[in-house]
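The values are calculated or read from the model by the stated rules, or taken from the named source; none is laboratory data. Small disclaimer: the values here were computed from a predicted structure and weren't measured. Cβ sites come from the backbone with ideal geometry, for glycine too, and all protein chains shown count toward neighbours. These accessible areas exclude ligands, DNA and RNA; they are computed on the full protein's heavy atoms, side chains included. Shrake-Rupley method; radii C 1.70, N 1.55, O 1.52, S 1.80 Å.
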Amino acid sequence: MDFLRPATWEEALAAKAEHPTAVPLSGGTDVMVEINFDHRRPEYLLDLNRIELLREWEVGEENVRLGAAVPYTQIMENLRAELPGLALASHTVASPQIRNRGGVGGNLGTASPAGDAHPALLAAGAEVEVESVRGNRFIPIDEFYTGVKRNALQPDELIKTVHIKKADGPQQYSKVGTRNAMVIAVCAFGLALHPETRTVRTGIGSAAPTPIRAKEAEAFLNAALEEGGFWDNGKIITPSIAKQFADLCSGAANPIDDVRGTAKYRRHAVGIMARRQLGWTWEHYRGSGRTLEGAA
């Protein structure tokens with residue numbers, strides 16, 4: 001196994017173009033586990049730890065540009081207001097040591113359905129900027145996951161930046177695990193209210209072959225909130241609407257039975273998380289003064 005250690009982003013892209021099978025290494029919290037257990041033996045490792053560009057972030061007027069290797073700890077400490085859903089997800093990642101090393105780019109590159117960042121990125125509506133010596137392109141998060149641990153990257157491309165719209169409403173994230181830390185999600189759920197567009201987005205993790213959104217549930221809730229005038233009047237969402245939303249989220253899951261949990265349990269837990277998060281985010285929205293009733 002050869003070790004490639006570029007000093008600049010341009011050198012990294014050139015190395016990836018010359019060795020398309022090279023496995024990028026930044027935090028290494030996924031890759032090194034696979035290597036240590038001899039589950040993977042790549043011909044080349046492409047060490048990106050010298051690339052400062054990947055550990056930088058910028059808060060713009062509308063979006064956050066998040067470098068692929070920005071550690072989860074930095075997201076928790078510096079971007080809680082702008083990216084509340086992702087900050088909550090970052091809290092659930094493994095241990096302090098791993099949160100200091102791992103970043104969103106690693107989750108995206110691995111593309112495991114159990115990756116902690118995925119539901120928050122789906123709910124927020126992120127875009128992934130990837131680059132090669134041929135140029136760069138933006139991949140909407142909905143198009144990024146193509147199969148079990150597969151993504152839309154071409155062999156010569158590297159993840160550069162994740163572009164995430166700054167939160168314009170409350171966001172939530174929950175994860176079910178067999179213990180409180182150092183655990184792979186049995187299932188996870190993310191929810192984001194987007195008052196500017198009067199829409200709701202979801203993200204489901206570890207309950208389907210890929211991270212997914214509950215699109216039918218979103219469409220139902222978007223229609224119910226609009227038809228009932230909830231965005232303006234700030235009324236409490238009725239139990240029947242909350243239950244239907246939760247049932248549709250549960251129905252969107254396509255889980256398996258494995259050592260961490262059964263498919264039946266995962267579907268049930270997704271529905272519970274969806275209902276609870278809808279209640280939490282809507283109460284936050286009602287208390288924010290964004291509604292006409294709250295502004296009166």
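Multiplying the residue separation of Arg80 and Ala94 by 0.36 nm and removing their Cα-Cα distance gives an extension gain of 3.2 nm. When you filter the trypsin sites (Lys or Arg not before Pro) in the stretch 122-176 for DSSP loop state and at most 11 other Cβ atoms inside 10 Å of their Cβ, you are left with Arg134. A simple charge model with +1 on the Cβ of Lys and Arg, -1 on the Cβ of Asp and Glu and nothing else charged puts the dipole of the chain at about 1020 debye relative to its Cα centre. If you sort Ile204, Ile256 by accessible surface, 1.4 Å probe, largest first, the order is Ile256, Ile204.
Return the tail of the calculated pair distribution for the stretch 1-150, meaning the percent of Cα-Cα pairs more than 18 Å apart. Please report the intermediate quantities before stating the final value.
On the way: 6533 of 11175 pairs.
The answer is 58 percent, as a whole percent.
When the charge dipole of the stretch 171-288 is built from unit charges on Cβ atoms (+1 for Lys and Arg, -1 for Asp and Glu) and taken about the Cα centre, the candidate among Ile212, His284, Val183 whose Cα reaches farthest toward its positive end is Val183. Placing a label point 7 Å from the Cα of Asp2 along the Cα-to-Cβ direction, the residues of the stretch 27-53 whose backbone N falls under 12 Å from that point are 43-46. Once you sort the root eigenvalues of the Cα gyration tensor of the stretch 191-296 as a ≥ b ≥ c, which label holds: rounded (a/c under 1.5), prolate (a/b larger than b/c) or oblate (the other case)? Prolate.
When the Gaussian network model of the chain links Cα atoms closer than 10 Å, the mean-square fluctuations of Asn36, Asn49, Asn151 top out at Asn36. Shape annotation for the stretch 110-194: C-alpha extents along the principal axes are 44, 30, 19 Å, from largest to smallest. For the chain, the spherically averaged projection of the C-alpha convex hull amounts to 15.2 nm².
The residues of the chain present an accessible area of 46 Å² per residue when probed at 1.4 Å with all protein chains retained.
I'd like the carbon and sulfur percentage of the solvent accessible area for the stretch 171-288, probe radius 1.4 Å, heavy atoms only, ligands and nucleic acids excluded.
On the way: 2920 of 5470 Å².
Here it works out to 53 percent.
Charge dipole of the stretch 171-288 (Cα centre as origin; +1 on each Lys and Arg Cβ, -1 on each Asp and Glu Cβ, all else neutral): 420 debye, rounded to the nearest 20. Length gain on complete extension for the stretch Ala223 to Phe37, per 0.36 nm per residue less the alpha carbon to alpha carbon distance? Gain on stretching Ala223 to Phe37: 62.1 nm. Shown here for the stretch 182-265: GluC sites (Glu not before Pro) in loop regions (DSSP other than H, G, I, E, B) with at most 14 other Cβ atoms within 10 Å, namely Glu196. Roughly speaking, what is the centre-to-centre gap between the stretch 1-77 and the stretch 128-198 when only Cα atoms are used, to the nearest Å? Measuring centre to centre over Cα atoms gives 16 Å.
Compared with the alpha-carbon gap, the fully stretched path from Glu196 to Glu61 is longer by 47.1 nm at 0.36 nm per residue.
Quick check on the chain: helices-only [θ] at 222 nm, where DSSP H runs of length 4 and up contribute -39,500 (n - 2.57) each and the sum goes over total residues. Nearest 500, please.
On the way: 12 runs with 110 residues, N = 296.
When only DSSP H runs of four or more count, the value is -10500 deg cm²/dmol.
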